[in-house]
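A short reminder: the numbers here are calculations on the coordinates, not readings from a lab. Not measured: the values here are computed from a predicted model. Please note: Cβ atoms are built from the backbone with ideal geometry, for glycine as well, and neighbour counts cover all protein chains shown.
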Amino acid sequence: MLRKKVPNNLRASLLRSAKKVMKNAHAPYSRFRVGAAILLSNGKIFSGCNVENASYGMTNCAERTAIFSAVAQLGPRIEIRAVSVVNDQGVPCSPCGACRQVIYEFGPDATIFFHGADGPRQAHITELLPEGFRRQ
Ligand code: THU
């Protein structure tokens, strides 16, 4: 994979979008608000927050909300170049396993920015999800 560097200005825009959308989270059960923003290879940014449900398993993570919103707007031929994830508690939070697989579907070369155990971190999607499942 190419692992093309995401310029600092784009990374900053992504972070800003993620922080803004985090405020829209519906998280009355966990009280953990999450915001995510994705940068597409066409330069567009989409964002999403976590949306919880009284039936807890129906919860949609911020990352998937952002990705599904992009697909709904632009169709399935999107390529995710980068993802930024933030939470309202400033604690470590990398994308969950399900979101990693969904990111990989549309961004096999994506860079993920998140709060790691020792502060801000970035990782290639294949570091977070080795041997991700693909059909094509
Ligand atoms: N959550 C996300 O939205 N993204 C993540 O990367 C980790 C977890 C949400 C799901 C749930 O609403 C809350 O955080 C607590 O797990």
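General remarks:
- Note on the range 71-98: among residues that are within 16 Å of the ligand (Cβ to nearest atom) and part of a helix (DSSP H, G or I), the one that is surrounded by the most Cβ atoms within 10 Å (Cβ to Cβ) is 98.
- Checked against the criterion of being among the aliphatic types (A, V, I, L, M) and over 19 Å from residue 7 (Cβ atoms), the candidates 78, 45 yield just one match: 78.
- Any chance residue 101 is in contact (Cβ under 8 Å) with a residue 24 or more places away in the chain, more than 12 Å from the ligand (Cβ to nearest atom), farther than 25 Å from residue 118 by Cα and in a helix (DSSP H, G or I): no
- Evaluated against (1) touching a Leu at 6+ places or on another chain (Cβ under 8 Å); (2) surrounded by fewer than 19 Cβ atoms within 10 Å (Cβ to Cβ), residue 118 falls short on exactly one condition, (1).
- The range 16-57 - residue that is more than 12 Å from the ligand (Cβ to nearest atom) and hydrophobic (A, V, I, L, M, F, W, C) and, of those, farthest from residue 85 (Cα to Cα): 54
- For the range 3-13, the condition of being within 16 Å of the ligand (Cβ to nearest atom) and either out of contact with any Pro (no Cβ under 6 Å at 6 or more places or on another chain) or in contact (Cβ under 8 Å) with a residue 12 or more places away in the chain (or both) holds for none of the residues.
- Of residues in the range 16-70 being touching an Asp or Glu at 6+ places or on another chain (Cβ under 9 Å) and assigned to a strand (DSSP E or B), the one farthest from residue 112 (Cα to Cα): 26
- Within the range 17-57, tally of residues that are under 22 Å from residue 106 (Cα atoms) and either without any contact (Cβ under 8 Å) to a residue 24 or more places away in the chain or not hydrophobic (A, V, I, L, M, F, W, C) (or both): 9
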